[in-house]
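The values are calculated or read from the model by the stated rules, or taken from the named source; none is laboratory data. It should be emphasised that the depicted structure is a prediction, and the values quoted were computed from it without experimental measurement. Here the Cβ positions follow ideal geometry from the backbone for every residue, glycine too, while neighbour counts run over all protein chains shown.
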Amino acid sequence: MVRIGLVSAATYGYMGAPRTPGSFHGTAFATTFNGYDAAKATGYEWTFAAAGRTIEGARVVKVWDPHKEWAERLAEVCSIPQVCDSPQECTEDVDAVIVVDDGSGEHARYGIAALRKGLPTFIDKPIAMTARQAKEIVDIAREHGAPLMSASSLRYVPDIVALREEVNELGEIHLATTICGNELVYYGIHALEMAYAVLGPGAQSCLNVGRPGRNIVRVRFADDRDLVLMVAEPQYMVAGYQINLYGTTGWRSVQPDLTDLYIYLMEQFLKMVQSGSSEVVPLDEIVEVIAVLEAGKRSLAEGREVTVAEVLA
């Protein structure tokens, strides 16, 4: 049985807002491994996202959150034996650590202690808000030989996995589009990683021809491929996910079914832990994804094409 420490999992505050009770990702991950007591869960006013099924072979045995009272409630509902006083305590006597997206964009700092111990660590999306910060985290993992995974859950939903298997039927793909709602780096990672899951890495530059809150980013790749990444805030579009591939012999349009999306993500993490594999998603690709999003954001601000290389410099 894999023993997991769950970090920053019981409250959420988007980009500096006061943290509120519950956590969509934190509760989803906890219930994915431990299940939950439905009667107890409804006893609190909080954000609680219950998994539709559980994964065998692992249990969350420790939990930490800066608001201990809500960590205690999460532990009660999901039968987590120990509530910790620090993120570091969550790395003791466990086999793996999951650091939950808490809305700050800076949650990766809570995973440093686990990485320095060489523990398999999942750092929720986005691993950082800048490529430089992402590279710093990846470098720590490499230095200490810690298996590290960070990914959008949309990489592993069945529709995207199936699209990757069908991609060769479309001939050469020179054009693609992918879409989602909300902020470019924090949420746009979902749209971009769908494309990366299907077509792979190799982005060279970004040109954002949109407007503030309405990003239209042409991402140019080394293999003669252009991706149009569209990400808009709620006042401009209803949030949703779509990817379109246009090949020389065919095309596909997919709106992925998001049922059980966190279960597929955690299954991949558990496979990494059990196999000892160091890179489910290649570490350089984790950094590149953040670099592309940052380059797209900088392109709009500066009114010019921005290369991925300069963002990584």
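Tabulated values for the structure
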read-out: The range 275-313, residues that are at pLDDT below 95 and of a type in the set (S, T, N, Q); value: Ser275, Ser277, Ser278
read-out: Qualifying residue in the range 30-42 (condition: over 30 Å from Thr130 (Cα atoms), of a type outside the set (Ser, Thr, Tyr), crowded, with 21+ Cβ neighbours inside 10 Å and without any contact (Cβ under 8 Å) to a residue 60 or more places away in the chain); value: yes
read-out: Residue among Cys180, Cys90 that alone is crowded, with 18+ Cβ neighbours inside 10 Å, at pLDDT 95 or above and not assigned by TED's automatic domain parsing to the domain that holds Phe29; value: Cys180
